[in-house]
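J.: Mind having a look at this structure? Questions to follow.
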Amino acid sequence: MTPILQPIGRTFLNGLSAIGRLSLFALVAVRHCLTPPFYPRLLVRQMIEIGYYSLPYVGMTAVFTGMVLVLQTYTGFNVNAEGLMPQIVVLSLTRELGPVLAALIVAGRIGASMAAEIGTMRVTEQIDALSTLSTNPFKYLIAPRLWAGVTMLPLLVGIGDVIGVFGGYFVAVHKLGFNEGNFLKNISEATKFLDVFSGLVKAAVFGFTITLMGCYHGFNSKGGAQGVGKATTNAVATSMILILILDYILTELFFAK
Amino acid sequence: MSTDLKIKVRGLKKAFGSNVVLDGVDLDVPRGQSLVVIGGSGTGKSVMIKCILGLLKPDAGSIEIDGEEVVGMSARDRERVMKKFGMLFQGSALFDSLPVWENVAFGLISGRGMNRNEAKEIALRKLSAVGLQPEVGELFPAELSGGMQKRVGLARAIAAEPEIIFFDEPTTGLDPIMAQVINELIVTCVEMVGATALSITHDMHSLREIGDNAAMIYQGKIVWSGAAKDIDNSGNPYVEQFVKGKAEGPIRMPVRSF
């Protein structure tokens with residue numbers, strides 16, 4: 001029995017200790033996010049990196065998602081009612097597709113680059129050097145990234161929602177022949193505060209998750225190039241899985257009766 | 001007399017898992033002097049320095065800086081003590097996202113909240129102290145040769161005029177001429193800021209140039225210590241084997257390194 005149970009037990013314990021380490025890291029990181037000194041220059045740089053430079057990717061994702069959503073709903077579900085189509089598009093985009101797809105795209109882009117950058121700083125002793133220069137690495141490296149993630153993701157998703165709905169509108173009106181005026185009117189009626197709000201809250205949580213995983217795996221990378229590569233893969237893979245799990249949990253919290 | 005000791009280490013122990021790296025290190029660094037610790041690769045030299053700096057948490061033992069116990073110190077006190085240190089890292093560890101002058105001025109701007117223009121002036125002065133022109137200040141670390149990176153690292157280590165400077169294998173990876181240049185710079189810089197120095201190296205030439213005192217670490221313990229000029233007639237079989245670079249002797253090279 002022992003040879004079978006041992007590896008199972010070991011894997012389980014390793015998993016628990018990994019969760020413990022991550023939670024501890026997150027707690028310390030959040031504490032440093034809330035206490036001075038702050039580094040506004042670094043925060044602005046990270047906000048531009050995450051917010052501005054992700055915009056083309058998030059925008060492209062959103063516009064095609066909106067377009068294909070209308071097309072699939074029309075052809076697949078045979079929905080051609082003028083009132084129902086905008087409702088489906090707005091609800092799916094603002095609640096679900098907008099935040100989740102944007103987060104997955106940003107996880108690939110930002111999570112990877114953060115893990116690689118911080119990981120390289122770790123293996124070349126630059127993080128140790130920060131400490132010897134009276135600078136806390138958590139405050140200098142991690143806090144600006146977490147702040148930028150939490151604030152920029154909702155902004156990206158907000159813009160993505162608008163672009164996505166516009167993509168849907170374009171296909172509905174110009175390809176499927178919906179009435180332009182009615183479609184626009186129905187869109188504004190279908191837009192509910194809670195739908196948009198829940199999507200933006202999800203975005204903030206995903207932004208925190210992506211930057212946290214990027215920082216965590218980068219910060220704890222070991223060895224040389226190989227270690228950094230592994231950290232990068234882990235950062236992207238874990239944040240993608242976590243995004244999907246958290247998405248379900250948040251949906252349950254917001255909408256399950 | 002313990003009051004003359006800048007750094008006093010007693011019974012320092014550190015293990016990674018079942019792997020014992022430091023097994024009770026005792027070390028004294030007198031104020032204003034330069035101690036060089038020699039030892040082969042993987043004997044715990046770097047771990048020892050990182051424990052003293054507080055980058056690693058020792059498992060047991062005591063480390064006193066200026067007579068003040070730093071093991072188990074609160075984060076706030078630790079930050080205060082950290083301001084006494086400067087360090088030249090083995091690979092220089094320059095921040096590659098910042099230009100050279102900002103690297104040198106980093107501790108002043110970020111650590112002490114100094115005005116950027118003022119800090120830049122100091123940085124350029126420190127760069128000229130290590131023989132670099134002001135134009136180099138505008139370059140990025142990746143544009144410099146290894147020797148120049150070492151000089152920048154040295155300028156950064158002395159920028160805030162620390163009381164204690166650590167040198168982690170300062171000449172490793174440099175050609176003999178550049179190594180000698182760095183050795184001489186270390187001696188002048190340490191004298192200039194009046195610091196206490198602790199270096200780790202396996203370069204015997206470097207030891208003779210920069211050390212007042214020397215110690216040898218083997219298997220996580222200090223096996224010999226004395227004046228640097230006595231290193232050639234220490235009468236210690238470990239030191240003799242190391243100094244002469246003989247394959248035969250009491251030292252067996254570990255297969256794993258840390």
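J.: Scan B:D28, B:D23, B:D4 and give me the residue that is farther than 22 Å from B:A227 by Cβ, of a type outside the set (F, W, Y) and surrounded by fewer than 23 Cβ atoms within 10 Å (Cβ to Cβ).
T.: B:D23
J.: Taking helices (runs of 4 or more DSSP H) that do not extend beyond segment A:88-200, which have at least 1 residues that are among the hydrophobic types (A, V, I, L, M, F, W, C) and farther than 30 Å from B:A142 by Cβ?
T.: So the answer is A:98-106, A:143-174, A:180-190.
J.: Could we say that B:G113 is more than 19 Å from the chain's Cα centre (by Cα), more than 13 Å from every other protein chain (Cβ to nearest Cβ) and farther than 19 Å from A:R122 by Cα here?
T.: Answer is no for this residue.
J.: While we're looking at this one, here's another question. Restricted to segment B:133-148, and to residues that are in contact (Cβ under 8 Å) with a residue 24 or more places away in the chain and outside any helix (DSSP H, G or I), which residue is nearest to B:V187 (Cα to Cα)?
T.: Residue satisfying both the conditions and the ranking: B:L144.
J.: Can you list residue pairs whose Cβ atoms sit under 8 Å apart, with the first residue in segment A:31-42 being surrounded by 10 or more Cβ atoms within 10 Å (Cβ to Cβ) and the second being not in a helix (DSSP H, G or I)? Count only pairs 6 or more apart in sequence or on different chains.
T.: Partner pairs satisfying both residue conditions: A:H32/A:N136; A:P37/B:G113.
J.: Which residue out of B:G220, B:G173, B:G194, B:G235 is at positive phi and free of Cβ contacts under 8 Å to residues at least 24 places away in the same chain?
T.: Only one candidate passes the filter, namely B:G235.
J.: If A:S239 satisfies all but one of (1) among the polar types (S, T, N, Q); (2) closer than 19 Å to A:T65 by Cα; (3) at pLDDT 95 or above, what's the number of the condition it fails?
T.: With respect to (1) among the polar types (S, T, N, Q); (2) closer than 19 Å to A:T65 by Cα; (3) at pLDDT 95 or above, A:S239 is out only on (2).
J.: Starting from residues that are hydroxyl-bearing (S, T, Y) and within 13 Å of B:G67 (Cβ to Cβ), keep the ones in segment B:1-24 and report whichever is modelled with the lowest pLDDT.
T.: Among them, the one singled out is B:S2.
J.: Please work out which residue is nearest to B:G32 (Cα to Cα), limiting yourself to segment B:76-91 and to residues that are more than 7 Å from every other protein chain (Cβ to nearest Cβ) and basic (K, R).
T.: Here the answer is B:K84.
J.: I'd like to check something: does segment A:63-70 contain any residue that is within 18 Å of A:F208 (Cβ to Cβ) and in contact (Cβ under 8 Å) with a residue 24 or more places away in the chain?
T.: no
J.: Of all residues in segment A:221-237, count the ones that are among the polar types (S, T, N, Q) and touching a Phe, Trp or Tyr at 6+ places or on another chain (Cβ under 8 Å).
T.: 0
J.: Same structure, new question: Mind listing just one residue for me: the one in segment A:108-124 that is farther than 12 Å from A:V228 by Cβ and surrounded by fewer than 21 Cβ atoms within 10 Å (Cβ to Cβ) and, of those, nearest to the other protein chains (Cβ to nearest Cβ)?
T.: Ranking the candidates gives A:R109 first.
The values are calculated or read from the model by the stated rules, or taken from the named source; none is laboratory data. Quantities reported herein were computed from a predicted structural model and do not represent experimental measurements. Cβ coordinates were reconstructed from backbone atoms using ideal geometry, including for glycine residues, and neighbour counts include every protein chain displayed.
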